[in-house]
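I have placed the structure first, in the form of structure tokens, so that the comments after it can refer back to it.
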Amino acid sequence: MFAKFNRRQFVVRTTATAFGLAAGLRSPAVARAADAQWGDLVGRLIYDGTAPPRQKLKVDKDVECCGKFDIRDESLMVGTDGGLGNVFVYLRTAKVDVCPELAEMAPKHITLDNRDCIFQPHCMAIWYDRQEFYVVNSDPVAQNVAFSPLGDTPANIVLPVGRDATHQFGRKQNLPVPIACNYHPWESGYILPRDNPYVDISNADGAFRIAKLPLGPLEFQAWQERVGYLDMPQWPKGRFTVTIKAGTNDLGIIKLNPLLLVKK
Amino acid sequence: MPATDQSYYHLKRLHRFMAGASLALLSVTVWMVAADHRRPWRQYQGTFRQQVEPWLTAAQRAQDAGAGEGILAPQQPGFGKRLLGLPLLDAFGRPLAIEQLWLPELTIDYHFARVPRCDRCVTCHQGIDRGAPGNLAEAVLSQETVLTLELPTPPQPPAELQQDPSPAGPRQLESLYGLGLAEVGILDRAAPTVGLVLPKKPAAEARLAVGDVVLKVNDAPVPGREDLYRRLLGQVEWGKPLKLEMRRGLPQPYRSHPRLDLFLGPRSPHPLAEFGCTICHDGQGSATDFSWASHSPNDPAQPARWQKQYGWSSNPHWDLPMLARRFSQSRCLKCHHEVSDLEPSRRFPDPPAEKLLAGYQLVGQLGCFGCHEITGFDAAGRSVGPDMRLEPDDAAAAGRTPAAAELPPGAMRKVGPSLRDIADRVDAAFLADWIGDPTHFLPTARMPRLYGTYEHLDGQSLLDARRFEAVEIRAVVAYLLAASRSVGPLPPPGGVTELPSPARGKRLFEIRGCLACHQHDDFPAGQGTQGPDLSRVGAKYTPQSGADWLVRWIRNPMHYAPRTRMPNAFLDPIPATEEGADTEAEKGKQRLTDPAADIAAYLLAGAAGQAGQGGASLVWQPRQLPPLVESDLDELALLHLRKTFPPELAPQYLQQGIPESLAEQVPGDAAVLVGGSSREKKLRYVGRRTIGKRGCYGCHDISGFENAQPIGPALSDWGRKQQPLLAFEQINQFVQQSAADQPPPVSTARLPAAGTSTRLAAAGTAAQDTATDRSFFLEALLANRREGFLWQKLRSPRSFDYKVAQQKGYNEWLTMGRFQLTDQQREAIMTFVLGLVAETPAEKFVYRPGPQRKAVLAGRKVLDKYACAECHTLQMEQWAFEFDPAKFLAPRPTADYEFLKPQIPPEQLAASRRTDLRGLASAELEGMPRLEAAGKIVADEDDEGRPVCFFTLWEPAAIDGRVWSVGGADVTIALAQITRKHPPLGGTLARLLYPVALKQGRGAGFNGAEAEAWGWLPPPLVHEGAAVQPAWLYDYLLRPYLIRPAAVLRMPQFSISAAEAGKLVDYFAAVSGVAFPYTSGTPRQADDFHDPRRRLDEAASLLLDRTMYCAKCHLIGDDTPGGELRTILAPNLGQAERRLRPEYIGRWLANPRSVLPYTPMPVNFPPAGPPLGQDLFPGSSQQQLDAVANLLLNYHEYRLWRATTPRPAPPHPPAQRE
């Protein structure tokens, strides 16, 4: 019981730290404090149309536990004002300098919680050589977490009720890695291991901020789980280059044609 | 009379004469010695010894010294050797001599005796077995080719050259490019020849090799070494690569034999000293002259070239001229009687005899053996070649064990469908159209064209052909329909509520396995060739009865044709899943569909003119036959009757029938005429005679022809058929008169794509100019050579009747039909047929596989027969790639059970660390590339932007000194560094259906990883023998049942015999390398259930736990896990004890991915970290694993024991005890 309490506490703390870091990085105060060597990239992704209703997923395992949740498709998360969430925006340029502050502030773990019979959060990024992937089961039924990163050791971790585990990725990925639960096939999630902290996942408003980037021309990548690369005329294969200047580099509002997000 | 000094002749004149004669004799002697000295073999041998051999010696020395980089100064022969090489003197020291291989066990047939073979080919071909792969001399002795390479240059010239731009010499060349030139060239002493390539330098990167001759630099010729120094060091645009045109290798007779790993090499299966040359190549081995050795040209231009170069002329006095190079694989059949033993193997992944194998498969696919017996045994019952006899018609005879002196029964099945119930399927109009020209209905038909090939006929012959063929077609139709007997219909499946739907049928056609064997225009990716193209098949069936028959046939083909290779796909009724099945109104009401009816509806859709769901247009009408001319029928019937009955009685029998009093004596053909004659009876009589004449029963099962013999000449030793016995007749005239010798317009039959066409594309002739090939064969035909005859026979089989037909009766004309073949296919068949020589050398040379290999080969035949490999992968892909060890990404080491760690010999690991001159290491992998949802290879890029892919291992690999396990990380491979790809053996359908199954799973609510979809498809069987128990597999093959509920299609049931099932069991055991004999199961000791150490009750709590362990996904006996999603249901563990091998269960439980890399099963017993399930089974992961494995192996006994044995009472809590 005691051990369980500790574990929960750990989860809460780690998650809070992660959210705190993310919130901190987005805070204008921190951005103002950044010295002239670093710049932030911000933008907002808008779904330029009426989003289809999220389909209810078929839940037919562990129904006594999972059946009570309203589990819906998370592959297209559009906010009330059209913001497109869960889009990975990350630095594609390899071997860049990393702001030392980010290294100091990075939490030790990135946590995936099996809660309410879904993965929470749905999308994650991890600085693979500094952070561990921490998986925990908060549901009253067993879960498993399976993923096969390209060129890296695959894992299929069983999580009995209340158990946790850690996993260390061995290399960076250029594409987010799908996460599945074989017991509950409706569950899905994505994690992007990178060798730097320059990743953000758009929030419910569609906004993203990649903080403290080195200055100069850098190439970025945008990826969404339904369609993969956000392939637009101005972002071929989801890639775009921005010359980062000190301070905030605002891409403004990027409107996405709904046809772009139709599953192929 | 006293003697005087006076002579009767003029002394002085005599002296002059003697002097002249002596001088003449001396001149002749000198001329003789000179001529002998100048004999071509001495020239070749001398050149090799003096110019080539020093390179090989130096290469060997460099290799032995471990330097391995080069030969700058090959040692030239010393003065003594050169002196002994001079005319006259060479008689003493014999530095040059005829070399011969004496092969007493490989005799040659001289007609009157079999004499030992004496091969002197190596007298000239001195380097034939030198330059093995990996040897420094490999490139030197390779086939002469011209290559273009790019030599990188540094961005700036070195300081030394900047100061003095005049080019320097060898030192600068070496330091700048790592390149050195030899002091002398090989054949051309002045040619700039590479003698040194230093590792990790530009020359090594450009893949230059020792012995290469530089011909051009940036397209400008390089006449000599000095010029080359100038071009490489002075006239350089720095930073830009130099384009080098190189000549690599040597011309004949100096080059080495190709594939020394297979042929002639000391470690090859055919070492030179044991096999010699002519056993494979033919030719006169004892000859030392080019012409007398009977070299045979390979293209029409070669004779002129050879004549000029070697003084070649055809040698008509030698019966066994060398085979042209294009047929060199033919002779493999002398010793490789199984033919399938020439398939690529692990030891020889590069196909050893691709063209020959393709020919063998074509003969099997086209059913040549139906008319031409190919018996693999001689009169004494010894194996002399491939055995392709038809299986006996009677099933009892097929299964009978032959007596000792009797040949085993044939095993080939007729390639065409059974016609015993043809009237139920099609009508007379279709049948007549099909027989007249199968390509009219099916352009890719394999059936040969038997009618309407008139290019060799003219005048009266042509008129006769037209009128009699029209009669014959009607007559055959009449006979087939009259002899047809309905097979009792299958009872319809019960409970079906839905009408047939073409839309559902189309989907089922795609995913229920039809595409494994059939093609359809709606699914162009499907390339199955076992069965016919079904795009328009619906149009051939008669509207009602034919359509009904099709439904029943699809449901269970074996009910109608017990020997069909089409299986029962278990198309039982299934619940409707679309079209409103999930609406509220339909809930609670079971709606069932009949998949067989749906598929039939799809195939029939459009038969009435509308395009089917698939869009394939079925609008087709049979051609109208001209009206039957009764007089032609009578005339043809009379021709036949006169063969059987006295000429004076034949007309009477024709008009009035055969008297019933003669019924007992009348042969079967004419029985129909007993008791009276009519038009219908005459038609049936002629039809039966025609079927007998044309040999239709060779491919089809036809009532009344159960014991008929093949109509064509046997091919068992056709490759040695005496040329005078080949009836060339007037073929020369035919060829010359036929308009510019245009081949008859034919399309191509659908024949194996994966096998044949790929093989042929690489067989060396595909790229050749077709016109050149045609000229070659025409020349052979006009010269009355065997290969010319065969070529024409396969191309226009009846053309040998040109101008002869009119001399023969209509029924004596040639009957062979014309097959649709491409030039490559024709040549492949020729390669096979020319190899049928029935000349088996001494027993020790015949390939006799060991028990394991024998089991593999026998199994392969069964696998091929039933096209098992269309669905199942039998061997995964094999890739080889290069990499820079400094940049190669290796995964983090992970914890694993000791017994799972692959054992790779240290020397293999050490070898994997070796790098070549470029500093690159290499590795070979077996497995499959990662695929994305659409079935394409996952592509990514590395930090430098180079495209990479990911390869999932199915066999452990040694890479850069490390062991890579199955189930671990995928290997990242740069696409540009893949050096070799061998495709997988089989599994085409699984790969084709992968995206379809994934899409279907996703549509059903599955969000899991893409890899899992592989588990819903026919599984790879690469480790099947190590996984399953032989007894179970045997039963399963004969009576398959549903194992994996999640699979989109299930294993069908074939008309496979018990013997064939046994061969398959042995095959899988053999390829998996499990212990011999294969047919007995691994014995298991019954467990002592009372032994508390077994802890079976606790293991059972793990096994049956529905919250986390096995029962969460697996069926166990009658227990099913929760959930409706079929995609997550796993096999029934109640079958595991019968089905799986004990050692396999242990591996599987410990790390499922190490056995099946795509499995979704999690690691329930983690090898590291705290063990799970301590509330159910306190103990380590290893203990849990052992206990669960033990329980699975004794599950039924345990259940029985537990049902009859009360559980011990739990120990009282201490408080209560007190």
Practice item. State the percent of C-alpha pairs, over all pairs in region A:44-114, separated by a distance greater than 17 angstrom. Key: 69 percent
Point to revise | Cα-based helix-to-principal-axis angle, A:2-26 vs chain A, degrees rounded to 10 | key: 20 degrees
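Is the shape of region A:116-247 best called rounded, prolate or oblate, per the rule: a/c under 1.5 gives rounded, else a/b larger than b/c gives prolate, else oblate, with a ≥ b ≥ c the square roots of the Cα gyration tensor eigenvalues? Please report the intermediate quantities before stating the final value.
Details: a/c = 2.18, a/b = 1.88, b/c = 1.16.
Prolate, because a/c is 1.5 or more and a/b exceeds b/c.
Using 0.36 nm per residue of separation minus the Cα-Cα distance, give me the extension gain between B:GLU706 and B:VAL963 in nm, one decimal. Before the final figure, lay out each step's value.
On the way: separation 257, 0.36 × 257 = 92.52 nm, distance 5.96 nm.
Going from the current span to full extension adds 86.6 nm.
Give the shape of the protein assembly as shown as rounded, prolate or oblate, defined through the alpha-carbon gyration tensor: a ≥ b ≥ c are the square roots of its eigenvalues, a/c under 1.5 means rounded, and otherwise the shape is prolate if a/b is larger than b/c and oblate if not.
On the way: a/c = 2.01, a/b = 1.22, b/c = 1.65.
It is oblate, given that a/c is not under 1.5 and a/b is not larger than b/c.
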Exercise for review: Mind giving me the nanometre distance, one decimal, between the label points for B:ALA1168 and B:VAL30, set 7 Å out from Cα along Cα→Cβ?
Suggested key: 8.9 nm
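Can you give the FRET efficiency for B:GLN76 and B:GLU160, using 1/(1 + (r/R0)^6), R0 = 25 Å, r = Cβ-Cβ distance, to the nearest 0.05?
Using R0 = 25 Å, I get an efficiency of 0.20.
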Review point. At B:PHE899 and B:ALA428, where each label point lies 7 Å from the Cα along Cα→Cβ, what is the point-to-point distance in nanometres?
Key: 7.3 nm
Revision key, fill the gap. Ordered by number, the residues of region B:890-908 with at least 10 Å² less accessible area in the assembly than alone (1.4 Å probe) are B:PRO891, B:ARG892, B:THR894
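Compute the Rg/Rh shape ratio of chain A: radius of gyration over Kirkwood radius, all on alpha-carbon atoms. All intermediate terms of the calculation are to be shown ahead of the outcome.
Numbers: Rg = 18.5 Å, Rh = 19.2 Å.
On the Cα set of chain A, Rg over Rh gives 0.96.
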Revision key, fill the gap. For A:VAL161, the accessible surface traced by a 1.4 Å probe with all protein chains present amounts, in square angstrom to the nearest 10, to 80 Å²
Exercise for review: Hey, could you grab the Kirkwood Rh for region B:226-329? Inverse mean 1/r over distinct alpha carbon pairs, Å, one decimal.
Suggested key: 17.2 Å
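Are there trypsin sites (Lys or Arg not before Pro) in region B:909-988 that DSSP marks as loop and that have at most 12 other Cβ atoms within 10 Å, and which are they? Show your work: numbers first, answer last.
Values: sites: B:ARG913, B:ARG914, B:ARG918, B:ARG930, B:LYS936, B:ARG962, B:ARG980, B:LYS981; in loops: B:ARG914, B:ARG918, B:ARG930, B:LYS936.
Sites meeting the loop and neighbour criteria: B:ARG914, B:LYS936.
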Point to revise | region B:189-249: GluC sites (Glu not before Pro) in DSSP loop, at most 16 other beta carbons within 10 Å | key: B:GLU237
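Compute for chain B: radius of gyration divided by Kirkwood radius, i.e. Rg/Rh, restricted to C-alpha atoms, rounded to two decimals.
On the way: Rg = 37.3 Å, Rh = 36.1 Å.
Ratio of gyration radius to Kirkwood radius for chain B: 1.03.
Once the piece of chain linking B:LYS999 and B:ALA1059 is laid out straight, how much longer is it, given 0.36 nm per residue of separation minus the C-alpha distance between them?
Details: separation 60, 0.36 × 60 = 21.60 nm, distance 3.95 nm.
Difference between extended and current length: 17.6 nm.
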Check your understanding: Using the beta-carbon distance between A:ARG115 and A:LYS58 and R0 = 25 Å, what value does 1/(1 + (r/R0)^6) give for FRET efficiency, to the nearest 0.05?
Key -> 0.80
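Can you tell me, using C-alpha contacts under 8 Å and at least 6 residues apart, the relative contact order of region B:337-456 as a whole percent? Walk me through the numbers before you get to the answer.
Working: 115 pairs, mean separation 19.5, N = 120.
For region B:337-456, the relative contact order is 16 percent.
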Practice item. Go ahead and run the numbers for FRET between A:THR50 and A:THR248, Cβ-Cβ distance against an R0 of 41 Å, rounding to 0.05. Key: 0.85
Point to revise | Order of exposure, largest accessible area first, which applies to B:MET566, B:MET32 with probe 1.4 Å | key: B:MET32, B:MET566
Practice item. At a probe radius of 1.4 Å, figure out the B/A buried accessible area, summed over both chains, and give it in Å² to the nearest 100. Key: 3300 Å²
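Just the number, please: carbon plus sulfur as a percent of the accessible area of chain B, 1.4 Å probe, no ligands or DNA/RNA counted.
After summing per-atom areas, the C and S share lands at 55 percent.
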Review point. Based on DSSP, what percent of beta bridges with both residues in the protein assembly as shown are antiparallel, to the nearest 5?
Key: 80 percent
Check your understanding: If you average the sequence gap of Cα pairs under 8 Å that are 6 or more apart and divide by the length of chain A, what percent do you get for the contact order?
Key -> 29 percent
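Rolling a 1.4 Å sphere over the protein heavy atoms, what is the accessible area per residue of chain B, to the nearest Å²?
Values: 56600 Å² over 1218 residues.
It amounts to 46 Å² per residue over chain B.
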Practice item. Could you tell me whether region B:300-375 comes out rounded, prolate or oblate from its Cα gyration tensor? Rule is a ≥ b ≥ c as square roots of the eigenvalues, rounded for a/c under 1.5, then prolate if a/b exceeds b/c, otherwise oblate. Key: prolate
Practice item. Starting from 0 in steps of 10 Å, tell me what percent of the Cα-Cα pairs of region A:202-264 lands in each bin. Key: 18, 51, 26, 5
Review point. Which residue fluctuates the most in chain A, going by a Gaussian network model with Cα springs under 10 Å, if the choices are A:LYS58, A:LYS172, A:LYS95?
Key: A:LYS95
Exercise for review: Could you tell me which trypsin sites (Lys or Arg not before Pro) in region B:127-203 are loop residues by DSSP with no more than 15 other beta carbons within 10 angstrom of their beta carbon?
Suggested key: B:ARG189, B:LYS200
Review point. How far is it, in nm, from the label point at B:GLN736 to the one at B:GLU183 when both lie 7 Å from their Cα along the line to the Cβ?
Key: 6.3 nm
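Taking 0.36 nm per intervening residue step and subtracting the Cα-Cα distance, what contour gain separates B:ASP319 from B:GLN977 on full extension? Display every interim value, and only then the final one.
Working: separation 658, 0.36 × 658 = 236.88 nm, distance 4.96 nm.
Here the answer is 231.9 nm.
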Review point. In percent, how large is the relative contact order of chain B, given Cα pairs closer than 8 Å and 6 or more residues apart?
Key: 9 percent
Check your understanding: Just from its helices, what would the mean residue ellipticity at 222 nm be for chain B, if runs of 4 or more DSSP H residues each count -39500 (n - 2.57) and the sum is divided by every residue, rounded to the nearest 500 deg cm²/dmol?
Key -> -9500 deg cm²/dmol
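The values are calculated or read from the model by the stated rules, or taken from the named source; none is laboratory data. Since this is a predicted model, take the numbers as computed values, not measurements. Virtual Cβ from ideal backbone geometry, glycine too; neighbours counted across all protein chains shown. Please note that ligands, DNA and RNA were not included when accessible areas were found on the heavy atoms of the full protein model with its side chains. Shrake-Rupley method; radii C 1.70, N 1.55, O 1.52, S 1.80 Å.
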